[in-house]
Amino acid sequence: MTTTSATHLVLMPSYNTGPRLLATVREALAIWRPVWVVVDGSTDESHAAVEQLARSEPGLRVIVRPRNGGKGSAVLAGAEEAVAAGFTHGLVMDADGQHPAGRIADLMAASAAAPATLILGRPVFGPEAPLVRLQGRKLSVALVRFEILGAGIDDPLFGFRVYPLTPLRRVLQSTGGGRHYDFDAEAAVRLVWAGTPTLNLPAQCRYLSAAEGGISHFRYVRDNVRMVWLHTRLIATLLVWRWPQVRRSRLARPVLSCDVCS
Ligand SMILES: Nc1nc2c(ncn2[C@@H]2O[C@H](COP(=O)(O)OP(=O)(O)O)[C@@H](O)[C@H]2O)c(=O)[nH]1
Ligand SMILES: [Mg+2]
């Protein structure tokens with residue numbers, strides 16, 4: 001059964017996603033409406049089929065940005081429009097089928113029950129997950145734990161999340177970073193710094209083979225350099241002037257539990 005919401009929407013950034021885009025949009029629409037796709041200067045025409053579907057599907061909106069600006073800037077553009085349209089929360093999910101549409105309703109329910117909270121997916125990987133990506137995460141997890149002075153963000157790289165949109169806009173507008181692949185980690189850390197409570201819920205993360213339409217635009221050198229720069233900036237900011245305030249909000253941070261976890 002599909003839920004239609006006036007407060008919570010699905011936001012899907014997409015860049016040259018190929019045929020998986022239409023399939024992922026259909027999977028999300030089967031669970032939730034509205035679904036907004038932010039096409040970020042794609043050149044592969046993958047959005048043509050989704051635009052076609054939007055003509056007969058009022059729960060679907062396609063925002064096309066003429067130039068590629070990166071995942072974070074696409075999410076921010078979608079968030080701005082969503083707030084202007086009266087939405088308060090956005091579930092961000094990848095357009096390529098890696099995130100489980102079947103968990104949308106549970107994450108949305110958790111968000112509705114705790115509207116000030118950032119709801120984070122905690123990835124459950126299958127045997128097909130590349131070892132190099134799993135190993136790489138461990139360093140990010142450790143760095144982010146240091147940056148927020150403790151627990152709260154189980155996986156800083158997994159982008160399947162429900163954001164309270166106004167705090168998200170505020171923290172992104174406060175920095176020029178977080179516009180590309182650094183978005184997921186930077187947004188989560190800055191939201192925690194701003195005092196946002198977090199709740200981590202398990203969600204399957206699939207790695208699709210090329211034959212299944214799996215596609216990634218992650219470039220190991222370019223994007224790892226970006227991640228090194230991100231953590232350098234965050235740690236420098238923490239040490240130079242954020243430490244006392246982050247420590248105070250750390251001590252005040254509630255520990256949440258949830259009955260919709262499974
Ligand atoms: N809007 C936008 N989305 C992007 C960009 N790069 C990646 N994405 C989207 O971000 C999500 C994650 O990217 P992906 O390449 O699958 O990264 P991976 O899953 O970490 O390998 C997908 O939904 C992509 O379509 C970009 O430059 N702009
Ligand atoms: Mg992906």
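Residues of the chain were split at every exposed loop site, defined as trypsin sites (Lys or Arg not before Pro) in a DSSP loop with at most 15 other C-beta atoms within 10 angstrom, and the longest piece left, sites excluded, is 68-218. Classified by the C-alpha gyration tensor, region 1-99 has an oblate form. Its axis ratio a/c, with a ≥ b ≥ c, is 1.5 or above, and a/b does not exceed b/c.
Amide H to amide H, with H built 1.01 Å from N, C205 comes under 5 Å of V124, F125, G126, counting only residues 5 or more places away or on other chains. Fewest-first ordering of F183, F146 by other beta carbons within 10 Å of each residue's beta carbon gives F146, F183. 3J(HN,Hα) couplings calculated from phi for region 245-250 with the Karplus curve 6.51 cos²θ - 1.76 cosθ + 1.60 (θ = phi - 60°) are, in sequence order, 5, 5, 5, 4, 6, 5 Hz; Gly and Pro show x.
Label sites at V64 and E81, each approximated as a point 7 angstrom past Cα along Cα to Cβ, lie 1.2 nm apart. Dipole size of the chain about its Cα centre, with +1 on Lys/Arg Cβ and -1 on Asp/Glu Cβ: approximately 900 debye, rounded to the nearest 20. Each label point was placed 7 Å from the Cα along the Cα-to-Cβ direction; for S174 and A211 their separation is 4.9 nm.
Counting only GluC sites (Glu not before Pro) that DSSP places in a loop and that have at most 14 other Cβ atoms within 10 Å, the longest clean stretch of the chain runs over 129-262. In the chain, helical runs assigned H by DSSP with n ≥ 4 each contribute -39500 (n - 2.57); averaged across all residues and rounded to the nearest 500, the mean residue ellipticity at 222 nm is -13000 deg cm²/dmol.
A straight chain from I235 to A116 at 0.36 nm per residue would run longer than the Cα-Cα distance by 40.3 nm.
Considering only alpha-carbon pairs that sit under 8 angstrom and 6 or more positions apart, the relative contact order computed for region 128-262 is 31 percent.
Looking at the chain, what % of its DSSP beta bridges pair antiparallel, to the nearest 5?
Values: 6 of 31 bridges.
Percentage antiparallel, nearest 5: 20.
Compute the semi-axes of the equivalent ellipsoid of the chain, taking the square root of 5 times each eigenvalue of the Cα gyration tensor, and list them largest first in whole Å. Please list the in-between numbers first.
Working: eigenvalues 152, 86, 65 Å².
Ellipsoid half-lengths, sorted descending, are 28, 21, 18 Å.
Principal-axis analysis of the Cα atoms of the chain puts helix 220-237 at an angle of about 40° to the longest axis.
Between the helical axis of 47-56 and the dominant principal axis of the chain, each derived from Cα atoms, what acute angle in degrees is found, rounded to the nearest 10? Between the helix axis and the principal axis of the chain, the angle is about 70 degrees. Relative to the longest principal axis of the C-alpha atoms of the chain, give the angle of the C-alpha long axis of helix 71-84, reported between 0 and 90° and rounded to the nearest 10°. Between helix and principal axis, roughly 80 degrees. For T175, no residue 5 or more places off, or on another chain, has a built amide H under 5 Å of its own.
Rule-based calculations on the coordinates, nothing more; no lab input. Everything quoted here is computed from the prediction, not taken from an experiment. Every residue, glycine among them, receives a Cβ derived from its backbone with ideal geometry; neighbour counts consider all protein chains shown.
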